[in-house]
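Notes to accompany the following structure.
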């Protein structure tokens with residue numbers, strides 16, 4: 001199995017019309033967060049279908065695929081990578097897969113929110129239970145690079161699944177004043193999920209930050225609350 005074979009399989013699902021839609025949706029215009037990214041018009045279900053066909057792709061070929069200028073090639077590479085990570089019980093291989101993900105992130109190949117989100121919440125499981133995990137997450141959250149900051153908060157989903165909310169709260173605290181809308185949405189999303197597990201933890205966070213946090217972040221965080229409580233939190237924000 002080669003990266004070139006995966007590209008060929010994806011090409012069979014390509015749609016020029018869909019590619020135009022995706023370039024608009026993922027903000028690839030000048031000055032936008034996805035500036036210059038290239039699409040061939042493959043849907044996520046079809047990317048997943050191809051990934052399943054190449055589940056045994058080597059790490060070397062995953063890296064080659066993940067370094068493609070084509071967005072769907074990179075998406076497929078990450079799905080293959082995290083599928084292997086989830087299935088493996090070999091700690092050495094799991095570390096290698098996590099390190100590969102981080103190399104792709106730091107090299108700028110994981111460069112849009114869908115790429116972070118489709119894989120980050122799963123590969124983040126490598127950090128769970130490690131004594132340096134929070135230090136690692138905090139360093140990412142303080143990065144000047146948008147996608148590293150987004151990865152920091154998305155990684156914390158893995159800790160939530162393992163029963164710990166502390167990491168999500170710590171990273172949300174670091175990012176609560178971030179200037180980028182895509183961080184506002186990610187932090188709000190994570191805090192909404194925190195609230196599903198412990199509503200009082202979410203309320204405590206909101207008592208500390210609702211008045212000053214970005215409105216989009218607040219709206220995401222309170223989305224699953226009852227209407228009357230949502231209105232109360234929005235009123236706190238409006239009063240400032």
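All of the numbers you see were taken from the coordinates with simple rules; none came from a lab. All figures in this text were calculated on a predicted structure; none of them were measured in a lab. Cβ sites come from the backbone with ideal geometry, for glycine too, and all protein chains shown count toward neighbours.
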In degrees between 0 and 90, to the nearest 10, how far off the longest principal axis of the chain does helix 71-87 point, with axes built from Cα atoms? 80 degrees
Checked the range 129-240 with the C-alpha gyration tensor, a ≥ b ≥ c its square-rooted eigenvalues, rounded below a/c of 1.5, otherwise prolate if a/b is larger than b/c and oblate if not; verdict oblate
How long is the gain from residue 238 to residue 93 if the chain were fully straight, where each residue apart is worth 0.36 nm and the alpha carbon distance is subtracted? 47.2 nm
For the chain, take the longest principal axis of its alpha carbons; what is the angle in degrees between that and the long axis of helix 199-209, to the nearest 10 within 0 to 90? 80 degrees
Measuring from a point 7 Å past the Cα of residue 197 along Cα-to-C-beta, which residues in the range 143-160 have an amide N at less than 19 Å? 150-160
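On a full-extension model of 0.36 nm per residue, what is the gain between residue 1 and residue 162, subtracting their alpha-carbon distance, rounded to one decimal in nm?
54.5 nm
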Centroid-to-centroid separation of the range 153-229 and the range 76-102 [C-alpha atoms, Å]: 27 Å
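Output the peptides 72-78, 167-173 sorted from most to least packed, where packing is the average of other Cβ atoms within 10 Å over each peptide's residues.
Packing proxy ranking, top to bottom: 72-78, 167-173.
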GNM flexibility winner over the chain from 107, 210, 14 (Cα, springs under 10 Å): 107
Taking only Cα atoms, what is the 0 to 90° angle, nearest 10, from helix 181-197's long axis to the longest principal axis of the chain? 70 degrees
